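The values are calculated or read from the model by the stated rules, or taken from the named source; none is laboratory data. Just so we're clear, the structure is a prediction, and the values are computed from it rather than from any experiment. Every residue, glycine among them, receives a Cβ derived from its backbone with ideal geometry; neighbour counts consider all protein chains shown.
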């Protein structure tokens, strides 16, 4: 039976591994070998990775791939993608190539505003709080000047601070609601530092005037309805596919996701296959992006599709609006060697350009998924790509792989079908 371990974080990496092995694995386990085979032979590089987070034991590898032929606003990109799911990179690449021959992706930044809040409780008269806020508002800016100076030089900083009354939702609850521009950084640390200084100023000034304010917390928001990018593609509806009904069927598929939450969730997950893969490859926070995107998909009060499609005057148009808080400086962008490689391959984009690249990858992925759904079905392409994973699980030889690929060419692929065929091959060999 495993035991709790006090002081675990103070152990060396080897000591941590030794304790894990003794607690959770048998003496003949291959667990230590599994962990250490993923260590980087370059000690300095391994030390860099160890320092990214706490209690590091090893590295967890995911495939690093590229999707070429993305034509965005007339410029071609080869986009880095980090993801483990079969067919994602292939679908994005195919969609990118398809649309590159039809004018490519057009993108527009609709806003870059980010948000942070100081949440507090005040039980006194609202008018006193309002007057107090107006009297001390300038001090929030003054007391954060040392924090915002460098950001202001780059064109960013605090753009607005307002008092919000939320007492109709929660008794005695108010906010300082602030907006920020963070230029090429994602800005989380900058925003949170500013907010904590706001909270300090709020408490001190309130105490000076005898107001009782209880600050609950100060934190940025990952919901960013005004930090949004649009990506779109368009062409003549009749040029979209040899089947003249294809464009109309595509539009109907998108409209179903607009009104049916059960479909919308899977529809948007497909978009995020493309988005997350690029966000990861460029060292950004995919959890924050996911949270903000799905909140945005629910802004009407019902969870809906993030993408839209229409046919108007014979022109097919497919577009996507995404809230994206991304950075190209700070965080892992200057530390992780593959992140630096990714950004260099993209031409060292500014944050707004990266937003446009990521949104285009999401739209390409969505197009690829919908194209499969309304034609051959999703499983044909997915299982074709997944076939090699199944064969690797079965430890198939090179010859077995070759014969299996030949066997299932043009046929439905299932895990049980592949297992049965491999067993038949192996039975013939003995």
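If only residues of the stretch 5-19 that are in contact with a helix residue (DSSP H, G or I) (Cβ under 8 Å, 6 or more places away or on another chain) and in a helix (DSSP H, G or I) are counted, the one that is farthest from residue 337 (Cα to Cα) is 19. Please tell me if residue 106 is surrounded by 12 or more Cβ atoms within 10 Å (Cβ to Cβ), in a strand (DSSP E or B) and in the same structural domain as residue 239 (by TED's automatic domain parsing). Against the criterion (surrounded by 12 or more Cβ atoms within 10 Å (Cβ to Cβ), in a strand (DSSP E or B) and in the same structural domain as residue 239 (by TED's automatic domain parsing)), residue 106 qualifies.
So which of 5, 36, 10 is without any contact (Cβ under 8 Å) to a residue 40 or more places away in the chain, surrounded by fewer than 14 Cβ atoms within 10 Å (Cβ to Cβ) and under 30 Å from residue 276 (Cα atoms)? Give the steps one after another, and end with the answer.
Details: 5 fails: under 30 Å from residue 276 (Cα atoms); 10 fails: under 30 Å from residue 276 (Cα atoms).
That would be 36, the only listed residue that is without any contact (Cβ under 8 Å) to a residue 40 or more places away in the chain, surrounded by fewer than 14 Cβ atoms within 10 Å (Cβ to Cβ) and under 30 Å from residue 276 (Cα atoms).
Among residues that are in contact (Cβ under 8 Å) with a residue 24 or more places away in the chain, part of a helix (DSSP H, G or I) and buried (at least 19 other Cβ atoms within 10 Å of the Cβ), residue 247 is included.
Regarding residue 44, is this residue surrounded by 14 or more Cβ atoms within 10 Å (Cβ to Cβ) and either outside the structural domain of residue 274 (by TED's automatic domain parsing) or in contact (Cβ under 8 Å) with a residue 40 or more places away in the chain (or both)?
Values: surrounded by 14 or more Cβ atoms within 10 Å (Cβ to Cβ): no; either outside the structural domain of residue 274 (by TED's automatic domain parsing) or in contact (Cβ under 8 Å) with a residue 40 or more places away in the chain (or both): yes.
In short, no.
Checked against (1) closer than 15 Å to residue 136 by Cα; (2) in a helix (DSSP H, G or I); (3) touching a helix residue (DSSP H, G or I) at 6+ places or on another chain (Cβ under 8 Å), residue 211 passes all but condition (2). crowded, with 20+ Cβ neighbours inside 10 Å and assigned to a helix (DSSP H, G or I), is that true of residue 96? When the stated conditions are applied, residue 96 passes them. The stretch 252-347 holds helices (runs of 4 or more DSSP H) entirely within its bounds, and those carrying 3 or more residues that are surrounded by fewer than 23 Cβ atoms within 10 Å (Cβ to Cβ) and more than 17 Å from the chain's Cα centre (by Cα) map to 261-281, 337-345. Out of 204, 242, one residue alone is more than 22 Å from residue 308 (Cβ to Cβ), more than 13 Å from the chain's Cα centre (by Cα) and either at pLDDT 95 or above or assigned to a helix (DSSP H, G or I) (or both). It is 204.
Suppose the filter is free of Cβ contacts under 8 Å to residues at least 40 places away in the same chain and in contact with a strand residue (DSSP E or B) (Cβ under 8 Å, 6 or more places away or on another chain); does residue 293 pass it? Yes, satisfied.
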